[in-house]
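Data block below; observations after.
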Amino acid sequence: MNRSAVKVGVIVLLTAAVALLVGIRAGARGAAPKASSAMPNASIPTFPTDNLGREGFFYVGGEYGGSPGKEVMHGAMYVEVWVPKQIRRPYPMVLFHGNGQTGTVWRQTPDGRPGWAYYLIDQGYVVYMVDYPARGRSPYVPSLDGPLNIRTALELEQIWTAPAESGGDFPRKKLYTQWPSDAPHKGMMGDPVFDNFIKGQVQFVGKQAELAVPAGVALLDRIGTPVILLTHSQGGGIGFNVADQRPNLVAAMVAIEPGGPQIGSVDLAKVTYTKRNEDSWGLTNMSMHYDPPVNSPSDLHVYLEEKSERPDEVPCYLQQEPVHKLMSLEHMRVLSISAEGTYHRVYDHCIPKWLNQAGVKDDFVRLEDVGIHGNMHEMFLDKNSDEIIKFIDDWLRKNVK
């Protein structure tokens, strides 16, 4: 046998020995895991991103505050942006969340379904989602931003998730049927879906609008082209003030049960006003641009309607003649939505009335009137949430060119 053959034989034997040794060691440890075993299990919600082309995040707004040598940044706002693979809608969508929440409410429901952001991406919208300053992923500076508050489990049950069962006191509470759980005591502590929901309800500051409106204006300036504002609850007032300051950058606004009532405090159980808000500029407590100009809330002379349209709704405060027009918003189409089983129904109709009287075209929709039943204030979390965002998208396609 020549040397080459011997050398080849030795190499073969050594290779076999190494393979045997590796096999023995692997057997001692157990079989090597398959790559698929790293996949999150069924209890961890994940969603396909077939139509998501790019994503990122950035911060807008903010300023330095504090004494010299101890400056800190406060008032900055976290923004997440999703870009579809095919942009098919002319206006980006900017989503402003409600009080005690963050931009995560648009991404996922508490029972683990994809949220509205995925629907909007599938329709070809560029989507921006924010966490207000001093909230969520945005910095909070106690010395500058003020004290924090947070809602209790009982408060959430009574106003949002299980009003009829937990002692909520407003006329339409028994009409809420869309909480996404079939557990005993659904919508209450101990319901796994409620327990998951409350983990995402976060602390909030009192002067949220004063922080969020400048940051929202900075966001629109950064985007630089007209957008559609989709707002919820507290986000509604923030959206109106942002649009008033940047009217050329807002093509339309969808106001889902915007914060209110805009003029007076209301006793929900008795469906009546308890006091007049003397600091209101009609929609919020922040100044707005009217024509003729309004220099203070006292310049707005208002009256209370003699009678409400429905027994479970309060009459509305409206302007006396001559009416001050919201000139900066007159070009903007508004869709205002109120759910069938919400406490907000007591006063949701009043902001649209104020807007229409002030020259802004606002379509007010009670969801049951368009065949969407059983929802509450947090309608984007409900079982039938996809029906609602489809209705919104259809309205935008028809009314915002």
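The values are calculated or read from the model by the stated rules, or taken from the named source; none is laboratory data. Predicted, not measured: the structure shown is a model, and the values here were computed from it. Every residue, glycine as well, gets a Cβ built from its backbone with ideal geometry; the counts of neighbours run over all protein chains shown. The protein model used for the area step is the full one, side chains on, heavy atoms only, and it has no ligands, DNA or RNA in it. Shrake-Rupley method; radii C 1.70, N 1.55, O 1.52, S 1.80 Å.
When the residues of the range 128-155 are filtered to those that are buried (at least 23 other Cβ atoms within 10 Å of the Cβ) and among the hydrophobic types (A, V, I, L, M, F, W, C), which remaining residue is nearest to L367 (Cα to Cα)?
M129
N399 is checked against (1) under 18 Å from V314 (Cα atoms); (2) touching a residue at least 12 places away in the same chain (Cβ under 8 Å) and fails just one. What number does that condition carry?
So N399 meets the others, but not (1).
Counting only residues that are open to solvent by 10 Å² or more (accessible area, probe 1.4 Å) and over 19 Å from V217 (Cβ atoms), give me the strands (runs of 3 or more DSSP E) lying completely in the range 246-290 with at least 3 of them.
By residue number, 264-267, 272-276.
Pick from V370, V360, V314, V323: which is among the β-branched types (V, I, T), more than 20 Å from the chain's Cα centre (by Cα), surrounded by 19 or more Cβ atoms within 10 Å (Cβ to Cβ) and more than 19 Å from L268 (Cβ to Cβ)?
Residue meeting the stated conditions: V360.
Among the residues of the range 380-396, which ones are open to solvent by 80 Å² or more (accessible area, probe 1.4 Å) and in contact (Cβ under 8 Å) with a residue 60 or more places away in the chain?
Correct list: K383, D386, K390.
In the range 372-401, what residues are part of a helix (DSSP H, G or I) and within 15 Å of M253 (Cβ to Cβ)?
Scanning the range 372-401 gives I392, D393, W395, L396, N399.
Being small (G, A, S), touching a helix residue (DSSP H, G or I) at 6+ places or on another chain (Cβ under 8 Å) and exposed (fewer than 15 other Cβ atoms within 10 Å of the Cβ) narrows it down to one residue among G61, G66, G53; which is it?
G66 is the lone residue from the list that is small (G, A, S), touching a helix residue (DSSP H, G or I) at 6+ places or on another chain (Cβ under 8 Å) and exposed (fewer than 15 other Cβ atoms within 10 Å of the Cβ).
Considering H349, H373, which residue is closer than 23 Å to K307 by Cα and touching a residue at least 40 places away in the same chain (Cβ under 8 Å)?
Selected residue: H349, the only one of H349, H373 that is closer than 23 Å to K307 by Cα and touching a residue at least 40 places away in the same chain (Cβ under 8 Å).
Filter the range 326-356 down to residues that are surrounded by 17 or more Cβ atoms within 10 Å (Cβ to Cβ) and of a type in the set (S, T, N, Q) and give me whichever is farthest from I228 (Cα to Cα).
T342
Looking at I150, I121, which one is over 30 Å from N41 (Cα atoms) and aliphatic (A, V, I, L, M)?
Every option except I150 fails the conditions.
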